[in-house]
Amino acid sequence: MVVIAHNVAENRIQLMHVHPQDRLVRMNLVSLSSSAIRLKVALPFSVYDATGKLLLAKGSVIHSEAERLYLIQRGGYIDEAESERFQRALASKLDDLMRQNVSLKQLSNATPDFIPAPVVPDRSANPVAVWAELQLRASTLMREHEREDWLPSWLKLQADVANQVETDADAALFILIQSTSTPVRSYSATHALLVTVVCDLAARHIAAWPQSLREPLRAAALSMNLAMTQLQDRLSQQEVLLTPQQRLHVQSHSARTVALLKTLGVQDALWLDAVASHHNSQPGPLSDKPLGEQLGRLIQRCDIFSARLSARGKRKAQSATVAAQAVYTDELKKPDETGGAILKAVGLYPPGSFVRLSNTEVALVLARGRRANEPVVAAILGREGLALAEPVLRDTRLPAFHTTGGLAPHEVKVMLNVERMLKMR
């Protein structure tokens, strides 16, 4: 027996095959783009119809346009379990384009013809409340180094952050980017959390890195500025240039943080090496660097990306377009491997940022989309620049609502209810 559940909004079908032995096997099917079906090219996946009936086996070849049109009319679906190969294909394609020094526009349009719908996360908890609690814990631990339970408490914080990224990465980005778009007193903690989230997501797009590296990466990203937490919070409110003493304190913070972490019981060499190198990592292929420096390089670029999206003192938060440009190329003006991984992970317009649409409306990005330049957005300002009575979802895949560029938060004069906007996704 086959039980079918069809989620129209997500264009997703779940099939539950009940075997005679009462063993339940689930198969999640997601819609397949017709443009992914190529003539005279072996299919790298099996294609099913809406009932789960096999239409074409993996390796099949479509020889004529008539056969292709027939398959399109039947409606094609692919098992979600095979989706990772498309993500790997996307990463490989983007890596090749980066080495060719292509423009950001070309990069944003480079994607496999099919990218599966995202997994629907469990949003039973209020993400705004969850992240507020994580920000408070991070801020407290960054100041209370003398606590006997500091290291286990820090490791628990890191694990809880990782869990929230797995649960709802778009909410994590949305809340943290919105939090840093205006000056905040706990800047150090909020910034560290944002860098950690971006690092965690970007690491998944560096093919040579095993999943096991993500734990020391998160640990290093979260603790990178531990020895200058209070100064960083003061500087985020400071409207004058750094004093010579402050500048020296900033320049030496990596080494001082490593020393502090050692006194707190940290012995993980990758964690410590990543912190030590996160401000002095040099451009060039990651494969040419020791592993700790590779992690440090990604942290450095995520630090730059997140800082561009954040407001500090007189310096206003910048647009997602500016942030993307800051990390896409390295210090030698060549495509940066880690910068490319960041853009693959969060898109050109990450959740929580603002964009202009082709119909001149201003929209807030709610979630990442299937393409880097096709995020899920809600229009909040109309064509005359006035706030809409109610935010309206816009489909950025349609010509009328294409994204034309990012906007800085200070360019958008509107008050937002973060919880309400998150529920629109």
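Calculated accessible area for segment 300-425 comes out at 44 Å² per residue, all protein chains present (probe 1.4 Å; ligands, DNA, RNA ignored). Can you give me the Cα centroid spacing of segment 334-393 and segment 143-190 in angstrom? Using only Cα atoms, the two centres lie 24 Å from each other. Rounded to the nearest whole Hz, the Karplus-based 3J(HN,Hα) values (6.51 cos²θ - 1.76 cosθ + 1.60, θ = phi - 60°) of segment 194-207 follow the sequence 5, 4, 4, 5, 5, 4, 4, 6, 5, 4, 6, 9, 10, 4, with x at glycine and proline.
Close amide H pairs (under 5 Å, H built 1.01 Å from N) link LEU416 with no residue at least 5 positions away or on another chain. A DSSP coil position with no more than 13 other Cβ atoms inside 10 Å describes the following trypsin sites (Lys or Arg not before Pro) in segment 153-233: ARG185. If you take the alpha carbon atoms of segment 121-253 and fit the smallest convex hull around them, that volume is 125 Å³ per residue. Counting protein heavy atoms only, segment 276-425 has 52 percent of its accessible area on carbon and sulfur, 1.4 angstrom probe. Please turn the phi angles of segment 288-302 into ³J(HN,Hα) values with the Karplus equation 6.51 cos²θ - 1.76 cosθ + 1.60 (θ = phi - 60°), one per residue in order, whole Hz, x for glycine and proline. My calculation for segment 288-302 gives 8, 10, x, 4, x, 5, 4, 4, x, 5, 5, 4, 4, 6, 5 Hz in order.
Sorting ARG247, ARG368 on solvent-accessible area from highest to lowest, probe radius 1.4 Å, gives ARG247, ARG368.
Maximal additional length on extending the LYS314-ASN126 stretch stands at 64.4 nm, based on 0.36 nm per residue less the C-alpha distance. If R0 is taken as 35 Å, the Cβ-Cβ distance between GLU166 and VAL392 corresponds to a FRET efficiency of 0.70. Taken over segment 301-425, lysine pairs spaced eight or more positions apart, or on distinct chains, with alpha carbons under 23 Å apart number 5.
A dipole drawn for segment 245-376 from +1 and -1 charges on Cβ atoms has a positive end, and of LEU364, GLN267, PRO351 the residue lying farthest that way is LEU364.
Note on segment 281-373: with charges restricted to the Cβ of Lys and Arg (+1) and Asp and Glu (-1), its dipole about the Cα centre is near 360 debye.
For LEU381, the amide hydrogen comes within under 5 Å of the amide hydrogens of VAL362, LEU388, counting only partners 5 or more places away or on other chains and with H modelled in the peptide plane. Label positions at GLN230 and ALA400, each projected 7 Å from the Cα along the C-beta direction, are separated by 5.7 nm. Placing pseudo-labels 7 Å out from each Cα toward the beta carbon at ARG185 and HIS63 gives an inter-label distance of 7.5 nm. The local environment of LEU213, defined by Cβ-Cβ distances under 15 Å, has a net charge of -1 under the rule Lys, Arg +1 and Asp, Glu -1. For ALA367, the amide hydrogen comes within under 5 Å of the amide hydrogens of VAL376, counting only partners 5 or more places away or on other chains and with H modelled in the peptide plane. Accessible surface for MET228 stands near 10 Å², nearest 10, in the context of the full protein assembly shown (1.4 Å probe).
The values are calculated or read from the model by the stated rules, or taken from the named source; none is laboratory data. Here the structure is a predicted model, which is why all the values come from computation and not from measurement. Note that we place each Cβ from the backbone using ideal geometry, even for glycine, and neighbour counts take in every protein chain shown. Accessible surface is based on the protein model in full, side chains and every heavy atom, while ligands, DNA and RNA are left aside. Shrake-Rupley method; radii C 1.70, N 1.55, O 1.52, S 1.80 Å.
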